[in-house]
Amino acid sequence: MPAKEAFKRFVEVGRVVIVNEGESAGKLAVIVEIIDHNKAIIDGPSTGVPRQAFRYRYMSLTPLVVSKLPRAAGTSTVKKYFEQEGITEKWASTTWAKKRQAHKLKREMSDFDRFNVMLLKKERRRIIGTAAKKVSA
């Protein structure tokens, strides 16, 4: 009986990553070549990440993979495969991306926006409370 795999996201050529540090933080890139157990070459021509050697500790592996990407592919090849598989759209539909977007929107809220959210939450609590009283009575 085969053992259940603990890890599903491996460092591999074609793996889509999120850059967590530097000027490209928060952008998607693709692992193009593996240098050693600490670094890989990443490239994100569609998202504005320049081709560079990058440490694994400063990136997060996503569940997305650009399949059949050749090792050490050039920037134009990476862009072609990236757009051909619609990675940006696939990423935008993931829960992870939606949570990041919601967090970003919440961080950028003004005082007035926070005030309006507070009023809406109060209204929701009032509606739910009255409905619960009707059901329990």
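The values are calculated or read from the model by the stated rules, or taken from the named source; none is laboratory data. Because the structure is a prediction, the values reported are computed rather than measured. Every residue, glycine as well, gets a Cβ built from its backbone with ideal geometry; the counts of neighbours run over all protein chains shown. Remember, those area values only see protein heavy atoms, side chains included, never the ligands or the DNA or RNA. Shrake-Rupley method; radii C 1.70, N 1.55, O 1.52, S 1.80 Å.
At the listed q of 0.16, 0.28, 0.29 Å⁻¹, the Debye profile of segment 81-132, built from one uniform point per Cα, gives log10 I(q)/I(0) equal to -0.69, -0.96, -0.98. Between 104, 121, 79, the Gaussian network model of the chain with springs among Cα atoms under 10 angstrom shows the greatest mean-square fluctuation at 121. Helical content of the chain, expressed as a calculated mean residue ellipticity at 222 nm, amounts to -13000 deg cm²/dmol (DSSP H runs of 4 or more residues, -39,500 (n - 2.57) each, divided by residue number, nearest 500). Peptides 5-14, 52-61 ranked from most to least packed, by the mean per-residue count of other Cβ atoms within 10 Å: 52-61, 5-14.
Just the ratio, please: alpha-carbon radius of gyration of the chain over 2.2 N^0.38 Å, N its number of residues. Spell out each step's value before the answer.
Details: Rg = 21.2 Å, N = 137, 2.2 N^0.38 = 14.3 Å.
The reported ratio for this selection is 1.49.
Are there any GluC sites (Glu not before Pro) in segment 32-137 that are in a DSSP loop and have at most 15 other Cβ atoms within 10 Å? List them by number.
Values: sites: 33, 83, 85, 89, 108, 123; in loops: 85, 108.
In loop regions of segment 32-137 (DSSP not H, G, I, E or B), the sparsely surrounded GluC sites (Glu not before Pro) are 108.
Considering only protein heavy atoms, with the full assembly of protein chains and a 1.4 angstrom probe, order 91, 96 by accessible area, largest first.
On the way: 91 35, 96 80 Å².
Accessible-area ranking of 91, 96, largest first: 96, 91.
Using the Cβ-Cβ distance between residue 106 and residue 55 with R0 set to 30 Å, the FRET efficiency works out to roughly 0.55. For the chain, the longest principal axis of the C-alpha atoms and the axis of helix 95-107 are separated by about 60°.
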